[in-house]
Each structure stands twice: as structure tokens, then as C-alpha cells.
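**Q** Dropping a structure here in C-alpha cells format, bear with me for questions.
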Amino acid sequence: MSTEFHSEHSSASAPKIIVAIDGPAGAGKSTIARHLARHFGLLNLETGAMYRAFALKALRAALSLDESSALERLAGETIIHLVPTSGENRVFLDGEDVTGELRNAAVTDAASRVSVFPVIRAWMVRLQQQMGSAGGVVMEGRDIGTVVFPHADVKIFLDAAPEVRGMRRFEQMGAHTERQPDEVILELRERDKRDRNRADSPLKPAEDAVVLDSTDMTLAEAVKVAERLVEARLA
Ligand code: DC
């Protein structure tokens, strides 16, 4: 049960702050995290990619996604290697670059399922804490401000109405997708429900998080607000 962490280091002059960005799927976390990373010279760490990589392994092993003990055994023989950059993260599963396989519907659903188990979460949280402890990072996920880094310097909880998030996801899929918008919105609602209602570390804003609802904003506007929040912390 390990994850190696090799990184391009954040730039030497980068502030050693920790920026936590949490929120439901499709709220724009990745767009904002990527921008903040570039703008402030921080490392961008996408924690969802780690859950996705483990979910891919569970799917390949044809494991039942409801059985904690089998998943725990599998986790014991898994090495996830995250290579953060200022752009997209690359993810290696037992040495294989699986970055291109992590975004399909089956892995997306499986990631939400395996992430309900405390033993899997404890493993991931430990690794995420190791990765971010030196600072100079923007880390996005569901529980960064509440569990992984409760003392993060900046905490943003990004939200938007499910219909808006679903349409953003649909548009990202491009003109050739065979999916229908309604289908995408429905899946997103189901995943939200699971992420928000799980017993261990449910998705919710930390008490001291700034809640940023981008329902009536463009993502570019939300990016600007997030940028100002980090600037204010640095000032
Ligand atoms: O951010 P994402 O869509 O790549 O995340 C995939 C799933 O992983 C999400 O449905 C819930 C889980 N996850 C989590 O439980 N905690 C995190 N910090 C990140 C993701």
C-alpha cells in the first residue's frame, strides 16, 4: 500500500502555502486549481486521480466494489505514483501510466464507490499529507480542507447547481460524445449523493472555507475570485 511521490518541485520562490479546493464534481475545481498553480508557482495535486487509479485496478481485478476486505488486500499490493506538474497530473499504477484511462464513466463511478471505505481513505489521506506537507501546493478533492489539511492557508469550497455542473461536464466531452446531457446530469447527481452522504469524510465545506458558488458565474470569473483569495492571504 504505497504511493511514490515524484514531482517537479514548485518554483523556489513560490509561497509555501497550502491551498485546499474542495467541492462536488463539475464545479470547476480542476480549472481553478490549474490556474492557481500556474499563477502562483504552486504544485497542483489532484487527489481524485489517486482514487481513480485505485478504482481502475479494482475494476481490472473484477473485484466487488462493495467489499472492504478485498479492496484492502488489493490496496496492500498497489503502488500509485503521482507526478504532479503545474498542469495535469500524470498517474502511474504499478508503474504503468494510466492517466488516459481514468476519466471514463466506469472508472468515475468506481472511484466514488471505493472512496467510501475508511481503510482506503486513511491510506490516501496519509499519502496526500506527505505530498503537501512542505507547502507550495494547491490540492483539490473532497476532504482537503476538512481532513487532509484542516489548517490549510486558503480553503475554497467550490459549488454550482447540478444542472450547471452537468452541462459543463457535457460540454467538456466534446461534439463527438454519444452521451445525452440528462444522462450526464443524472450520473453527477448520483455521485454527489454518494460523496456527500458517506459516513467517513463526507463532502462538505470546512467551517472556515470560503464557499464559492459559480452557478451564475463563468469559470473565468470564479478563477479571478479564487486568485484574489490567495492574493489576500499572501498580502
Ligand atoms: O475529483 P474526482 O472526480 O476525480 O474524484 C473521483 C472520486 O474520488 C469522487 O467521486 C470521490 C473521490 N474522492 C474523494 O473521496 N476524496 C477526494 N479527496 C478526492 C476524490
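The values are calculated or read from the model by the stated rules, or taken from the named source; none is laboratory data. Since this is a predicted model, take the numbers as computed values, not measurements. When we count neighbours, we look across all protein chains shown, and the Cβ atoms used for this are built from the backbone with ideal geometry, even at glycine. SASA here: full protein model, heavy atoms, side chains in, ligands and nucleic acids out. Shrake-Rupley method; radii C 1.70, N 1.55, O 1.52, S 1.80 Å.
**Q** Where the eigenvalues come from the Cα gyration tensor of segment 194-235, what are the semi-axes √(5λ) of the equivalent ellipsoid, largest first, in whole Å?
**A** Details: eigenvalues 125, 48, 9 Å².
Result for segment 194-235: semi-axes of 25, 15, 7 Å.
**Q** Cα to Cα, under 20 Å, and not fewer than 8 places away if on the same chain: which lysines meet these conditions relative to LYS29?
**A** Straight-line reach from LYS29, under 20 Å: LYS155, LYS193, LYS204, LYS224.
**Q** Pairs of Cα atoms under 8 Å, at least six residues apart: use those to get the relative contact order of the chain, whole percent.
**A** Dividing the mean separation by the residue count of the chain yields 30 percent.
**Q** Now for a different question. Please sort 175-182, 65-72 by packing, taking for each peptide the average over its residues of neighbouring beta carbons within 10 angstrom, highest first.
**A** Highest-to-lowest ranking by the protection proxy: 65-72, 175-182.
**Q** Nearest-5 percent of antiparallel DSSP beta bridges in the chain?
**A** Just about 20 percent of them are antiparallel.
**Q** Moving to a separate point now. Any idea what log10 I(q)/I(0) is at q = 0.14, 0.16 Å⁻¹ for segment 82-146, Debye with uniform C-alpha scatterers and no solvent?
**A** -0.50, -0.66
**Q** So which aspartates and glutamates pass the test for LYS57, namely a Cα distance under 19 Å, with those fewer than 8 places away in the same chain ruled out?
**A** Leaving aside aspartates and glutamates fewer than 8 places away in the same chain, those within reach of LYS57 are GLU4, GLU46, ASP66, GLU67, GLU72, GLU77, ASP94, GLU96, ASP97, GLU101, ASP109.
**Q** Return the carbon/sulfur percentage of the accessible area of the chain, one whole number, probe 1.4 Å, all protein chains in place.
**A** Of the solvent-accessible surface of the chain, carbon and sulfur hold 53 percent.
**Q** Something else: Mind listing the long-range amide H neighbours of LEU212? Cut-off is under 5 Å, sequence gap 5 or more, other chains count too, H placed in the peptide plane at 1.01 Å from N.
**A** PHE157, LEU158, ASP159
**Q** Residues of the chain: accessible area per residue at 1.4 Å, in Å²? Working shown, then result.
**A** Working: 10740 Å² over 235 residues.
Averaged over the residues of the chain, the accessible area is 46 Å².
**Q** To two decimal places, what compactness ratio does the chain give when its Cα radius of gyration is scaled by 2.2 N^0.38 Å?
**A** Numbers: Rg = 16.8 Å, N = 235, 2.2 N^0.38 = 17.5 Å.
For the chain, the normalised Cα radius of gyration comes out at 0.96.
**Q** Sticking with this one: What percentages make up the Cα-Cα pair-distance distribution of segment 97-188 when the bins are 10 Å wide from 0?
**A** Answer for segment 97-188: a P(r) of 13, 35, 36, 16, 1 percent.
**Q** Same structure again: Relative contact order for segment 79-170: what is it in percent, counting Cα pairs under 8 Å that are at least 6 residues apart?
**A** Dividing the mean separation by the residue count of segment 79-170 yields 12 percent.
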